[in-house]
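Visitor: This is the structure I want to talk about, given as structure tokens.
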Amino acid sequence: MTGPADRDFTDEVTINADRAHVWDILSDPATMPKASPELFAMTRRKGPFRAGERFVGWNRRKAVVWPTVSRVVTVDEGRELTWHTSTSGATWSYTIAGDGDATVLREARTITDGVPGFATLFGNVLLGGMGNHADELESHVSATLAWIKAEAER
């Protein structure tokens, strides 16, 4: 069943690897285009993420390709990476916590500013409806976490 487009969601995974290794994978700008089912490229400056930087994410769903504009909010080494996507109103956060010999990685999407009108129009016309797209994004969170887990445990 389709939920509201502006809902928040979260998921987490326990990874059998130390925190520093998980952080190295998570904070590598090349990770998200590999791990995400929708994001396929990023246009940004070279080097590690830094708070305040802006970047463009390039997304694909079947034949539809679109850019999103984001600003990195938090880079707390070994603990948290967060960015706000102004084009969708979503804030994406990744937090890392130790759990004995394992690491818990949590991903969350929150809608902090509401969904902008253009994003709603775009989603309704080209992505099968904003609620449906939110459902897809929620499933993508699990897929992204699973990719990072597999990469870290290799």
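Visitor: If you check Gly117, Gly123, Gly52, Gly57, which single one turns out to be in contact (Cβ under 8 Å) with a residue 12 or more places away in the chain, out of contact with any helix residue (DSSP H, G or I) (no Cβ under 7 Å at 6 or more places or on another chain) and on the phi < 0 side of the Ramachandran plot? Spell out how you get there, then give the answer.
Guide: Values: Gly117 fails: in contact (Cβ under 8 Å) with a residue 12 or more places away in the chain; Gly123 fails: out of contact with any helix residue (DSSP H, G or I) (no Cβ under 7 Å at 6 or more places or on another chain); Gly52 fails: on the phi < 0 side of the Ramachandran plot.
Going through Gly117, Gly123, Gly52, Gly57 in turn, just one is in contact (Cβ under 8 Å) with a residue 12 or more places away in the chain, out of contact with any helix residue (DSSP H, G or I) (no Cβ under 7 Å at 6 or more places or on another chain) and on the phi < 0 side of the Ramachandran plot: Gly57.
Visitor: Then there's this: Can you find a residue that is polar (S, T, N, Q) and in contact with a His (Cβ under 8 Å, 6 or more places away or on another chain) anywhere in the stretch 52-59? Please lay out each step first, then the result.
Guide: Step one: filter the stretch 52-59 for residues polar (S, T, N, Q), giving 59.
From the residues that got through so far, the ones that are in contact with a His (Cβ under 8 Å, 6 or more places away or on another chain) too are none.
No, that holds for no residue.
Visitor: Could you please find all residues in the stretch 67-92 being more than 12 Å from the chain's Cα centre (by Cα), under 23 Å from Trp147 (Cα atoms) and of a type outside the set (Val, Ile, Thr)?
Guide: Those that are more than 12 Å from the chain's Cα centre (by Cα), under 23 Å from Trp147 (Cα atoms) and of a type outside the set (Val, Ile, Thr): Pro67, Asp76, Glu77, Gly78, Arg79, Glu80.
Visitor: Follow-up question, since we're still on this one. Please list, ordered by first then second residue, the pairs with beta carbon atoms under 9 Å, 6 or more apart or interchain, first in the stretch 141-154 and farther than 18 Å from Ser93 by Cβ, second polar (S, T, N, Q) and at pLDDT 95 or above.
Guide: Here the result reads Glu151/Thr31; Ala152/Asn16; Ala152/Thr103; Glu153/Asn16, each pair linking the stretch 141-154 to a residue that is polar (S, T, N, Q) and at pLDDT 95 or above.
Visitor: Among the candidates Arg79, Arg71, single out the residue that is touching a His at 6+ places or on another chain (Cβ under 7 Å) and under 23 Å from Arg45 (Cα atoms).
Guide: Working: Arg79 fails: touching a His at 6+ places or on another chain (Cβ under 7 Å).
One residue alone meets the criteria, Arg71.
Visitor: Still on this structure: Tell me, which residue of the stretch 103-130 that is over 20 Å from His84 (Cα atoms) and either in contact with a Lys or Arg (Cβ under 9 Å, 6 or more places away or on another chain) or of a type in the set (Phe, Trp, Tyr) (or both) is surrounded by the most Cβ atoms within 10 Å (Cβ to Cβ)?
Guide: Per the stated criteria, the residue is Thr103.
Visitor: Which one of the conditions (1) within 16 Å of the chain's Cα centre (by Cα); (2) surrounded by 13 or more Cβ atoms within 10 Å (Cβ to Cβ) does Arg19 fail to meet, given that it meets all the rest?
Guide: (1)
Visitor: Could you grab the pairs with beta carbons closer than 7 Å, sequence gap of 6+ or different chains, first residue in the stretch 6-35 and touching a residue at least 60 places away in the same chain (Cβ under 8 Å) and closer than 24 Å to Gly57 by Cα, second one of a type in the set (Phe, Trp, Tyr) and not in a helix (DSSP H, G or I)?
Guide: Once the first residue is touching a residue at least 60 places away in the same chain (Cβ under 8 Å) and closer than 24 Å to Gly57 by Cα and sits in the stretch 6-35, its partners that are of a type in the set (Phe, Trp, Tyr) and not in a helix (DSSP H, G or I) give Leu26/Tyr94.
The values are calculated or read from the model by the stated rules, or taken from the named source; none is laboratory data. Owing to the predicted nature of the structure, the values given are computational and were not obtained by experimental measurement. All Cβ positions, even for glycine, are placed from backbone atoms using ideal geometry, and neighbour counts span all protein chains on display.
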